[in-house]
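Notes follow once the structure below has been shown.
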Amino acid sequence: MSPLALHELEPSSAIRLLLFDVDDTFTQHAQIDAQALHALWRWREAGRMAVAVTGRPAGWCDHFARMWPLDGVIGENGAFWFRHHPATRHMERQYIGQPEPGSALQMRLKAAQDLILAEFPHARISQDQAFRLYDLAIDFCEDVQGLTLDDAHRIAQRLRELGMTAKVSSIHVNAWFGDHDKCTTSRRYLQDCHGLDLAQQASSVVYVGDSPNDEPMFQAFPLSVGVANVEPHLPRMAHPPRFITPSAQAQGFVELVNQLLR
Ligand SMILES: [Mg+2]
């Protein structure tokens, strides 16, 4: 089923929480966009909540949680969430991923890394790998050239053959041991931090993303939105977003916030 146009999404004060992907959903050409950041501030100043749900590493998420106008950050595709409480100067960190991070896990990730780099000579380890706790991120179009989306899906399939969960984002192939993903951890986060049962209160949450790794979220959240650059991924998606924005990337994010606050 094709996504509906964004204007079909009825604004409602019952929508309390905006969950959003970061890369190519909140960013514009790989940078934080002034209008998107302003939209996020406007959203929170309207008394609503916002949570970033990203494949980015723990090191980055620590920064997001502390310095962005957010209620929480779910990172490394659901391996953990961080919440900063400025009033009490407390950073809450809840780790979900299994197995535990550490040298044994790093050796297993390194073995997978070596195999992929040998089989896909154009692939590179992402520049943010050093700040990751749980997963391996293969760069296919952030800082490298010469790999296609089909290559990214082939790399993901190879990593699955090694017993890993693998997802293709707009820039990386992320792979990890264990079965968490953006969606399983978002459900837990909503329940544990906001007392919100997705099955019963789905109409109070919107999710927006752009990539195949957002598909479990598009499936789980009835109010799911793709920014326009989700389009090339739609043919591969069994569960496309319900709505699509007119514009791509951060401009689509701004359109969504404007529609919800209309
Ligand atoms: Mg993305």
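Just so you know, all these numbers are worked out from the coordinates, no wet-lab data involved. The structure presented is a predicted model; accordingly, all values stated were derived computationally and were not measured. Please note: Cβ atoms are built from the backbone with ideal geometry, for glycine as well, and neighbour counts cover all protein chains shown.
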Next item on the list: Scan the stretch 62-94 for residues that are over 24 Å from residue 170 (Cα atoms) and touching an Asp or Glu at 6+ places or on another chain (Cβ under 9 Å) and report the count.
Entry: 6
Margin query: Condition first: in contact (Cβ under 8 Å) with a residue 60 or more places away in the chain, over 16 Å from residue 136 (Cβ atoms) and in contact with a Ser or Thr (Cβ under 8 Å, 6 or more places away or on another chain). Can you find one or more residues in the stretch 39-48 that meet it?
Written below: no
Notebook entry, point to check: Given the conditions (1) within 16 Å of the ligand (Cβ to nearest atom); (2) crowded, with 23+ Cβ neighbours inside 10 Å; (3) of a type outside the set (A, V, I, L, M), which single one is not true for residue 189?
Noted result: (1)
Next item on the list: Scan the stretch 145-186 residue by residue and report those that are within 14 Å of residue 109 (Cα to Cα), of a type outside the set (A, V, I, L, M) and within 16 Å of the ligand (Cβ to nearest atom).
Entry: 174
Notebook entry, point to check: Any idea which residue in the stretch 1-50 is farthest from the ligand (Cβ to nearest atom), counting only those that are part of a loop (DSSP other than H, G, I, E, B), of a type in the set (A, V, I, L, M, F, W, C) and surrounded by 16 or more Cβ atoms within 10 Å (Cβ to Cβ)?
Noted result: 15
Item checked: helices (runs of 4 or more DSSP H) completely within the stretch 141-227 that count 1 or more residues being touching a residue at least 60 places away in the same chain (Cβ under 8 Å) -> 149-161, 182-194, 215-220
Item checked: Answer residue from the stretch 51-82, given it is within 16 Å of the ligand (Cβ to nearest atom) and of a type in the set (Gly, Ala, Ser) and is nearest to residue 22 (Cα to Cα) among those -> 52
